[in-house]
Amino acid sequence: MKRLLLIGALLFLIFFVPMHLLRDAMHEAWNTIYEEIQTMIETIEDWAEQELSPNEKEIEKPLLEEPVLHTFSVLNIEIGTPFHEVEEELGQPERISVNEYGTNWHTYHDHYRNFLKIMFDEQKKVAGLFTNQDLITSRNGIRLGVTKEEVENILGPPLTRIQKGMYYYQLREDEDYQIFFIDHCYVTIFYDKHNNNALTSILIVSKDMEDRKKNLYADASRELRNGFEYQLFDLTNATRVRFNLPPLKWDERVRDTARMHSIDMAENNYFNHTNLQGKSPFDRMREDKIYFTFAGENLAYGQFNSIFAHEGLMNSMGHRENILQSKFEYIGIGVAFNSQSQPFFTEKFYKK
């Protein structure tokens with residue numbers, strides 16, 4: 001109606017108003033109409049933005065820059081980056097959990113997208129980085145998805161042994177990972193043998209931080225047990241999201257079932273889905289009154305930490321299928337250590 005009145009006013013001006021006044025009046029009228037149209041457009045845009053749910057909004061891929069000082073960076077973070085710069089760039093972590101270096105992993109992600117883990121030294125500088133998503137940049141072209149052969153062509157032969165205290169530990173050549181010493185850091189590159197031995201994740205730890213751990217296995221503690229459990233949970237979900245699957249929900253009751261099996265294996269020196277009483281994973285779940293229509297179990301033993309455990313499970317087809325099973329809804333993870341501080345990992349998946 002308002003617009004019709006404006007048009008009528010323009011017709012009146014054309015026939016009854018002098019030309020110089022008519023020009024001014026028409027200019028003012030068109031300005032008014034233009035402002036109204038702009039207001040309507042802005043209102044529609046605001047409404048559309050409010051109507052979109054977070055899952056419907058496009059998630060921008062981070063802009064990655066070439067490393068400044070080191071060969072590698074993860075989401076533009078390098079070894080030595082000060083804590084305040086990380087905080088300015090990434091905000092608060094989603095989780096802080098104890099790791100085998102006597103410090104913490106700070107885990108950052110957006111619903112398990114843009115997933116990375118960072119640890120800091122006493123000077124509050126980055127001393128460790130990990131990601132299993134497409135956040136890696138390097139000065140030599142190494143990134144997520146390059147093959148093992150390409151990595152070897154660029155970096156040369158990997159380490160064959162690592163010194164811990166007075167001992168050297170031999171590294172197997174047929175492992176699904178390789179360790180390189182670059183920029184005063186140990187760089188562990190993990191490969192996916194079910195995908196053309198493509199680089200699937202990277203772990204970077206400064207030599208100073210690695211030297212703090214005098215043995216392959218850290219001393220067992222309740223805090224480390226809890227840390228390993230939640231770290232493996234986050235790693236599992238970050239991998240599922242990378243494969244376009246929904247993350248699993250944490251289930252405290254099935255975590256207790258998983259932990260009791262890990263304790264049983266660690267204390268009684270065996271490694272099997274069936275316990276010494278002949279009970280299967282599903283028997284143990286039913287005993288704990290966990291009701292399910294579909295379930296599975298993964299076991300790992302002897303890996304240095306949850307990262308190595310997860311990458312090993314992903315390279316075992318049956319375990320990989322559990323991790324990437326679209327039917328599963330819940331997960332619980334239990335860890336226990338034997339007398340040599342070697343960890344036993346039990347993952348239990350199920351659907352109600």
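Can you sort 217, 167 by solvent-accessible area, 1.4 Å probe, largest first? Walk me through the numbers before you get to the answer.
On the way: 217 50, 167 150 Å².
I get 167, 217, largest accessible area first.
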Check your understanding: Which ³J(HN,Hα) values in Hz, rounded to whole numbers, follow from the phi angles of region 285-292 under the Karplus curve 6.51 cos²θ - 1.76 cosθ + 1.60, where θ = phi - 60° and Gly and Pro get x?
Key -> 5, 5, 4, 8, 6, 9, 8, 8
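State the extension gain, in nm to one decimal, for the chain segment bounded by residue 123 and residue 250, taking 0.36 nm per residue of separation less the distance between their alpha-carbons. The partial results should precede the final answer.
Numbers: separation 127, 0.36 × 127 = 45.72 nm, distance 3.39 nm.
Length difference between fully extended and current span is 42.3 nm.
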Revision key, fill the gap. Phi-derived 3J(HN,Hα) across region 84-93 with the Karplus relation (6.51, -1.76, 1.60, θ = phi - 60°), rounded Hz, x for Gly and Pro, is 5, 6, 4, 5, 5, 7, 10, x, 8, x
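Can you bin region 232-352 into rounded, prolate or oblate? Criterion: square roots of the alpha carbon gyration tensor eigenvalues sorted a ≥ b ≥ c, rounded for a/c under 1.5, prolate for a/b above b/c, oblate for the rest. Before the final figure, lay out the partial values.
Details: a/c = 1.89, a/b = 1.17, b/c = 1.61.
Oblate is the answer for region 232-352, as a/c is 1.5 or above yet b/c matches or exceeds a/b.
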Exercise for review: Leaving ligands, DNA and RNA out of it, rank 351, 289, 117 by accessible area with a 1.4 Å probe, largest first.
Suggested key: 289, 351, 117
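Mind giving me the FRET efficiency for residue 304 and residue 88? R0 is 45 Å, r the Cβ-Cβ distance, nearest 0.05 is fine. Could you put the intermediate results ahead of the total?
Details: r = 32 Å, r/R0 = 0.71.
Using R0 = 45 Å, I get an efficiency of 0.90.
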Point to revise | Pairwise centroid distance, computed over Cα atoms, of region 239-314 with region 154-186, Å | key: 30 Å
Review point. Tell me which lysines have Cα within less than 28 Å of residue 249's Cα, excluding those fewer than 8 residues away on the same chain?
Key: 57, 61, 117, 193, 279, 289, 327, 348, 351, 352
Review point. Hey, what do the phi angles of region 146-158 turn into as Karplus ³J(HN,Hα) couplings, whole Hz, using 6.51/-1.76/1.60 and θ = phi - 60°, x for Gly and Pro?
Key: 5, 7, 4, 4, 5, 4, 5, 5, 7, 9, x, x, x
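Can you give the accessible area per residue of region 163-267, in Å², using a 1.4 Å probe? Intermediate results must be reported in sequence, preceding the final value.
Details: 5030 Å² over 105 residues.
Value for region 163-267: 48 Å² per residue.
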Study note, to complete from the structure: With a Förster distance of 25 angstrom and the Cβ-Cβ distance between residue 326 and residue 149, calculated FRET efficiency to the nearest 0.05 equals 0.20
Practice item. Go through 235-248, 169-182 and give me the packing order, highest mean Cβ count within 10 Å leading. Key: 235-248, 169-182
Exercise for review: For region 112-222, state what percent of all Cα-Cα pairs lands in each successive 10 Å bin, counting from 0 Å until the bin that includes the largest distance.
Suggested key: 13, 42, 35, 9, 0
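The values are calculated or read from the model by the stated rules, or taken from the named source; none is laboratory data. Fair warning: this is a prediction, and the values are worked out from it, not measured in the lab. Because the Cβ atoms are built from the backbone with ideal geometry, glycine has one as well, and the counts that use them run over all protein chains shown. Ligands, DNA and RNA are stripped out before the accessible areas are found, and what is left, the full protein with its side chains, is counted by its heavy atoms. Shrake-Rupley method; radii C 1.70, N 1.55, O 1.52, S 1.80 Å.
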